[in-house]
């Protein structure tokens, strides 16, 4: 445990002083935390390869090289894409994606670390393995990098503003701008959390509990508005998602049981805290109330919505919110002077998590290497689509890895970004590079699209054997359904 120096100074000054006095440790920890961004030939899956592909594609659009595509001129949901485009032009594709992913993971790691320091006025180094796991958890693996970076910056924003000086509030302005440029929803989350914390802190201790039911009613009203006005879809979430422990469930059953073990560890620590005398108990603390409030948000808010101006759903709201719940869980359970078995349990769980993660990432790299081999067998500049599954993952469809492999040698015909209305590149007319009808893109991803004459030549990468690396490629014929040649497999 390290006491944050001179809490009378601004949070920014305290953080700067802390980083300077612990510079060697901070540097070493940062290097260790970034290792998963460099330990395999390919890093970042889920939607991330699509971000990389479109970042490479972007300069060609304003240059007039791709007829039928245009730039949107939007100012939000673009931060990671802008970074990727600039880095690709100056460092190349591979260094660019590793730098951006490392930045995202480190922003989340040190953001949660700063959150602990801000709310507890001290830092607990023993909890850092769990924070590292959270940095590479489910939200990171989904590949929604703009949202992930905005969430990390939102955590930084709260850590800076809580009990902050006027200088902290001034320093928060550029962070808020960056959050908006990345993704606006963490700004709304941050405003709500900060408002709750301020109201809680200015209420007599005996009545602070009242803000939880008020917060729940407010969230229920927001949910009603989103469902009724923005076509929200609500789904029932399990206890792992509500608690935030689902962030540690990424691939297959072993990750699920690891997440259960982490949830059990949290429960044991919570029970021990509840047994303490009231002044020392965590149950009445602000971190615990913020944790419960975020868990309630996971329960009440819809899974997806269609905001004004969007043609596609803004989805996976629950995993995004469970990430915030998990961040506050780390604050709640970063207790002072933990028992030795707690330290040992955290390190053991982290070791298992990263061993499991390395194993599955190695297998995904084998799948992408096979995609690379197949693309080498066709002429350059062709339209290509893919049906790629990894049944061990929570999100089994991995066709976006084709996007990354198409950089510089083919066109990813099923790239969803240009016709979604949510990114910098927009498909404004039929073109030979990407589909411009969202319904066609959805059917293509599901293997239900019927190839038309204007689509050809169009190549399909599809499963052709019992293993996930058993992939083949062939040219589609007019009238052929993209899923018709997919051998159905029982995993």
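Every read-out reported here was derived from the displayed coordinates using simple, explicitly stated rules and does not represent laboratory data. On a predicted model such as this, the values are computed, not experimentally measured, just so you know. No Cβ is skipped: glycine too gets one built from the backbone with ideal geometry, and neighbour counts run over all protein chains shown.
What to note about this one:
- Rg/Rg_globular for the stretch 345-393, with Rg_globular taken as 2.2 N^0.38 Å and Rg from C-alpha atoms: 1.68
- When you restrict to C-alpha pairs under 8 Å that are six or more residues apart and normalise by the size of the stretch 268-421, the relative contact order lands at 17 percent.
- Each Cα pair under 8 Å and six or more residues apart adds its separation to the average, and for the chain the resulting relative contact order is 18 percent.
- Order of 248, 354 - criterion: other Cβ atoms within 10 Å of each residue's Cβ, fewest first: 354, 248
- Ranked from largest, the principal axis spans of the Cα set of the stretch 266-413 equal 72, 43, 24 Å.
- Global geometry of the stretch 164-231, whether rounded, prolate or oblate, following the gyration tensor of its Cα atoms and the 1.5 cut on a/c: oblate
- Packing-based exposure ordering (other Cβ within 10 Å, fewest first) of 75, 400: 75, 400
- 10 Å-binned pair-distance histogram of the stretch 380-426 (Cα, whole percent): 27, 44, 27, 2
- Short-range pairs are left out: with C-alpha atoms under 8 Å and at least six residues apart, the relative contact order of the stretch 361-475 is 29 percent.
- CD proxy at 222 nm, helix term only [per DSSP H run n ≥ 4: -39500 (n - 2.57); per residue of the chain; nearest 500]: -18000 deg cm²/dmol
- Percentage of interatomic Cα-Cα distances in the stretch 118-213 larger than 22 Å: 42 percent
- Counting DSSP beta bridges with both ends in the chain, the antiparallel % (nearest 5): 70 percent
- Sorted by Cβ neighbour density within 10 Å, fewest at the top, the residues 156, 266: 266, 156
- Peptide ranges 418-428, 457-467 listed from the most packed, as the mean C-beta count within 10 angstrom indicates: 418-428, 457-467
- At q = 0.13, 0.14, 0.20, 0.22 Å⁻¹, base-10 log of I(q)/I(0) for the stretch 331-467 (Debye sum, equal scatterers on each alpha carbon): -0.67, -0.73, -1.22, -1.40
- The stretch 1-155: mean projected area of Cα convex hull, nm²: 10.7 nm²
- Note on the stretch 361-475: antiparallel DSSP beta bridges, both residues inside, total approximately 45 percent of the bridges counted.
- Convex hull per residue volume in Å³, alpha carbons only, for the stretch 27-93: 129 Å³
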